[in-house]
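The structure under discussion appears below in the form of structure tokens.
The values are calculated or read from the model by the stated rules, or taken from the named source; none is laboratory data. Just so we're clear, the structure is a prediction, and the values are computed from it rather than from any experiment. Here the Cβ positions follow ideal geometry from the backbone for every residue, glycine too, while neighbour counts run over all protein chains shown. The protein model used for the area step is the full one, side chains on, heavy atoms only, and it has no ligands, DNA or RNA in it. Shrake-Rupley method; radii C 1.70, N 1.55, O 1.52, S 1.80 Å.
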Amino acid sequence: MEHSKQLPSKQLPSEQPLRIDIVSDVVCPWCVIGYRQLAEALKQTNTEHEIHWHPFELNPNMPSAGQNMREHIMEKYGSSKQESDASRARLMEAGNEVGFTFNFNDDTRMHNTFNLHQLLHWADQQGRMHDLKQALFVAHFTNGRNISDNAVLADIAAEIGLDRDEALAVLADQRFAKEVRAEEQHWQQQGIQSVPAVIFNKRHLVSGAQGVENFKNILQQLADMPD
């Protein structure tokens, strides 16, 4: 998830806000770190921009009840407990640098996120996807809430001002399942295999949490490109 590459190309007219598409998953720790780094770089460079979030599932085959995170990581990557602990320490340090708190413990769980992406799709129709995305990051990584539980997801939606009953209905009837699946497939067909994947102006792909300074350099390079 930390691997990076950039595909240089020609930028859209500079008088337009910088379009930023971010393909990510709520249970991806480097996604929240990378976003926070990018947000700080945008702030420091005073870059006019618009952000669009897109779905990606790290664990599409995971049961709906989820799995213990340490067990999942050790099974998926073959890592030892010591390696898992070291990874968590790196994440916590990186989180602290961008003002985000990771609270890992032995009961921290990994989740199937298909329902979350459907809820985010619904929130986008009300102009609130970004707010819900941030709330879900905090709910999962900081507060350890059970985001496999539809009632918890509806609570989180309500906490940012969305309608709780409607959120429950969206999750119950899976009305946006087809749209979310189609968008996931679209990004996979574009070659996105890991997240975070950040696409600037639909032409420049940057993968991974680059760090504030690297993102600032990328933004400067984009600003300096001829129209």
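General remarks:
- Among the residues of segment 179-202, just one is basic (Lys, Arg) and under 24 Å from ALA223 (Cβ atoms), namely LYS202.
- Matching residues in segment 120-160 - criterion: being in a loop (DSSP other than H, G, I, E, B) and hydroxyl-bearing (Ser, Thr, Tyr): SER148
- Output for segment 1-46, where each listed residue is at pLDDT below 95 and among the basic types (Lys, Arg): LYS5, LYS10
- Just one of the listed residues (GLN188, GLN193) is assigned to a loop (DSSP other than H, G, I, E, B), surrounded by fewer than 17 Cβ atoms within 10 Å (Cβ to Cβ) and either of a type in the set (A, V, I, L, M, F, W, C) or on the phi < 0 side of the Ramachandran plot (or both), namely GLN193.
- Checking ASN105 against (1) surrounded by fewer than 20 Cβ atoms within 10 Å (Cβ to Cβ); (2) touching a residue at least 40 places away in the same chain (Cβ under 8 Å), the condition it does not meet: (2)
- For segment 75-103, the tally of residues that are more than 19 Å from the chain's Cα centre (by Cα) and either at pLDDT 95 or above or of a type outside the set (Ser, Thr, Tyr) (or both) stands at 9.
- Residues located in segment 89-102, provided they are part of a loop (DSSP other than H, G, I, E, B) and either farther than 16 Å from GLY34 by Cβ or without any contact (Cβ under 8 Å) to a residue 60 or more places away in the chain (or both): THR101
- Scanning segment 161-185 for residues that are open to solvent by 40 Å² or more (accessible area, probe 1.4 Å), charged (D, E, K, R) and assigned to a helix (DSSP H, G or I) yields ARG164, ASP165, GLU166, ASP173, LYS178, GLU179, ARG181, GLU183.
- Take the conditions (1) touching a Pro at 6+ places or on another chain (Cβ under 6 Å); (2) farther than 24 Å from PHE176 by Cα; GLU50 misses just one of them, which is (2).
- Residues of segment 92-102 that turn out to be surrounded by fewer than 19 Cβ atoms within 10 Å (Cβ to Cβ) and either of a type outside the set (S, T, N, Q) or touching a Gly at 6+ places or on another chain (Cβ under 7 Å) (or both), as a count: 6
- Pick from segment 121-158, criterion of a type in the set (Gly, Ala, Ser) and in contact with a Leu (Cβ under 8 Å, 6 or more places away or on another chain), ranking: surrounded by the most Cβ atoms within 10 Å (Cβ to Cβ): ALA157
- Restricting attention to segment 45-70, the residues being loosely packed, with under 13 Cβ neighbours inside 10 Å and in a helix (DSSP H, G or I) number 0.
- Checking HIS49, HIS72, HIS117, HIS54 one by one, the residue that is more than 13 Å from the chain's Cα centre (by Cα) and at pLDDT 95 or above is HIS49 and no other.
- Here HIS111 clears all of (1) of a type outside the set (Asp, Glu); (2) surrounded by 21 or more Cβ atoms within 10 Å (Cβ to Cβ); (3) over 13 Å from the mean Cα position of the chain (by Cα); (4) within 19 Å of ARG175 (Cβ to Cβ) except the condition numbered (4).
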